[in-house]
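Notes to accompany the following structure.
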Amino acid sequence: MRGNINIFSFQHIRISFYLCLWLAISPVYAQSPSANAVASAHPLATQAGLEVLEQGGNAFDAAVAITAALAVVEPTGSGLGGGGFWLLHRESDQKKVMIDGREMAPGFAHRRMYLDENDNVRERASLDGPLAGGIPGIPAGLVYLAMNYGRLPLSISMAPAIKYAQQGFPISSGLSQSIERAREDFQSYPSSSKIFLPEGNVPDAGYQLIQADLAATLKSIANQGFAGFYQGEMASKIVQGMTANGGIWTAEDLQNYVVLERRPFETNYKDIKIVSASPPSSGGIVMGQILKILEHFDLENMDYVSRAHYVIEAARRAYRDRAVFLGDPDFVEIPEQRLLDDDYIEGLALTIDPLNATPSDKLGELPEIRNKGNSTTHFSVLDKEGNRVAGTLSINRGFGSKFVIPGTGVLVNNEMDDFAIKPENPNSYGLIGYEANAIEPRKRPLSSMTPTFVESEERVGILGTPGGSRIITMVLLGVLDFSSGKLPESWVDLPRFHHQYKPDTVYFERNAFTTDEQQALISRGHQLRESRRLYGNMHAIMWDKRTNYIYAASDKRGEGKAETR
Ligand code: GLY
């Protein structure tokens, strides 16, 4: 007995010794963040998120506040007439989920709806006016987030947005310029010009923009939840306003709108875990394919031009698969496993010539297309409990369809243009598509929105950006920067370049490549085109668990604000 006790004690001391040694040499990671953080495209939206966090809300309540505020203060990018994806991480049970509030095609939508009798695409039919709009998902998303993940009532989390709409807010020079660019379109709709062209003029920077009808619509949602937008009096007003102006939405379309919980896309790149948007967004899968192809190459030890070459070639191949295979998973079977299969990815990697661009046509016959586009919005939130939200929201092009539903203040999206309105016909971002993304009633158009978390043992990142088809490559460059150990300030400032298979062109920001680097890429066979403007508007947060320091950064290309508190 005594001997046993002695042996136990000896073992106990040995175990304790090794335990202490292990603890001494193992890093200690913070269990919860030292501060709340919000980064969004507008200082007032960031302020709304922080206010709600200080009132006892969590990151999901903050997401409601920011989403609603952006609908008021950034009408170019998102709004109650649009849709989006909110990627959530709940710390208490480690649940990760993508809330899908993407627009749904109306019941009367059909695949010939934007074609004339000769099967030609009717110019701008999927972009302008009520016919361009899918059934909005943002109002339902606000309600769903608050009811299922938040802890505050909508009356509190939507209060800042209601205040901004009711009392007005000073418009920025950027918004004034955007209104100037949309002036002619707004003039086609009295309900739109009444708000955005007061007394017929483009408002100057500093003008206090009051949106009384929008305030009433926000209040209706805050008071009645789903019914406050999709049923009853509000739904009648919406259907009437749409129908009177050539739209096809019905009361059933609104009543049947449904928010869906989707399993996020998850993959690894080296020792980093990526959690991102799943279909009906193409973001996660396309970025995942690119990263998996890039794992076959030693990017860290390459010169900048070679690195860009491999990123471009990987993107070319992944965007091709996007065009052929991706669409709404409730309507088409997406061969996700096959697209990410190791052998398939290795096969794609092997087709990359280290010194020469592969012309996109050599990957298989597809048509020439036009290009361009930039709108949408993104925000990131981290709360002190460790909950996170990456939200990317859209009404598609700037101010969506430019049509405000009379009496509601709601700008209708033009997200129907994200469908392949005719096989192989490029949409406004130059993206092409086929059967998988053809229009069908109640189907969700394929998106490129890529709200993303990146996680390693020591660090957690939250990021995303607007920018149409270029969203995926912007987030990709941010993820690669995270992987190199850089901070959000660097991710959001990175000079950007992009390839999307067709057109067979590398678009780049003016500071992305020096003249010599451009020459080096051209000599490898790449066709380069400098973007007329800087593009994207990334808002990102990083929690360094080693120091428990929170970093937040907003893209200097935009007017946003990042703050930790
Ligand atoms: N409307 C842009 C996108 O969803 O990709």
Odd one out for Asn537, checked against (1) over 20 Å from the mean Cα position of the chain (by Cα); (2) polar (S, T, N, Q); (3) assigned to a loop (DSSP other than H, G, I, E, B)
(1)
Scanning segment 75-108 for residues that are hydroxyl-bearing (Ser, Thr, Tyr) and more than 16 Å from the chain's Cα centre (by Cα) gives Ser92
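A quick yes/no check of all residues on (1) of a type in the set (S, T, N, Q); (2) more than 28 Å from Ala125 (Cα to Cα):
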| position | (1), (2) |
| --- | --- |
| Leu214 | no, no |
| Leu218 | no, yes |
| Gly225 | no, yes |
| Glu233 | no, yes |
| Gly241 | no, no |
| Ala244 | no, no |
| Thr250 | yes, no |
| Tyr257 | no, no |
| Arg262 | no, yes |
When both residues are 6+ apart or on different chains and their Cβ atoms are under 8 Å apart, which pairs have a first residue that lies in segment 407-431 and is within 16 Å of His110 (Cβ to Cβ) and of a type in the set (D, E, K, R), and a second that is at pLDDT below 90 and assigned to a loop (DSSP other than H, G, I, E, B)?
Asp417/Asn427; Asp417/Ser428
If the requirement is being of a type in the set (S, T, N, Q) and either free of Cβ contacts under 8 Å to residues at least 24 places away in the same chain or more than 16 Å from the ligand (Cβ to nearest atom) (or both), which of these qualifies: Ser469, Ser483?
Ser483
Of the residues that make up segment 265-276, is at least one in contact (Cβ under 8 Å) with a residue 12 or more places away in the chain, surrounded by fewer than 16 Cβ atoms within 10 Å (Cβ to Cβ) and either of a type in the set (A, V, I, L, M, F, W, C) or more than 30 Å from Val454 (Cα to Cα) (or both)?
no
Would it be correct to say that Leu393 is at pLDDT 95 or above, of a type outside the set (Ser, Thr, Tyr) and away from the ligand (no atom under 13 Å from the Cβ)?
no
Single unsatisfied condition, Met242 versus (1) buried (at least 19 other Cβ atoms within 10 Å of the Cβ); (2) without any contact (Cβ under 8 Å) to a residue 60 or more places away in the chain:
(2)
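Yes/no per residue for (1) without any contact (Cβ under 8 Å) to a residue 60 or more places away in the chain; (2) in a loop (DSSP other than H, G, I, E, B); (3) closer than 21 Å to Phe169 by Cα; (4) not small (Gly, Ala, Ser):
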site	(1), (2), (3), (4)
Ala48	no, no, yes, no
Ala63	no, no, yes, no
Pro75	no, yes, yes, yes
Leu87	no, no, no, yes
Lys96	no, no, no, yes
Pro106	no, yes, no, yes
Ala109	no, yes, no, no
Glu123	yes, yes, no, yes
Asp128	no, yes, no, yes
Can you confirm whether Gly391 is surrounded by fewer than 24 Cβ atoms within 10 Å (Cβ to Cβ) and in contact (Cβ under 8 Å) with a residue 60 or more places away in the chain?
no
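The values are calculated or read from the model by the stated rules, or taken from the named source; none is laboratory data. Keep in mind that this is a model prediction, so the values were computed, not measured. Reconstructed Cβ throughout: ideal geometry from the backbone, glycine too, with neighbour counts over all protein chains shown.
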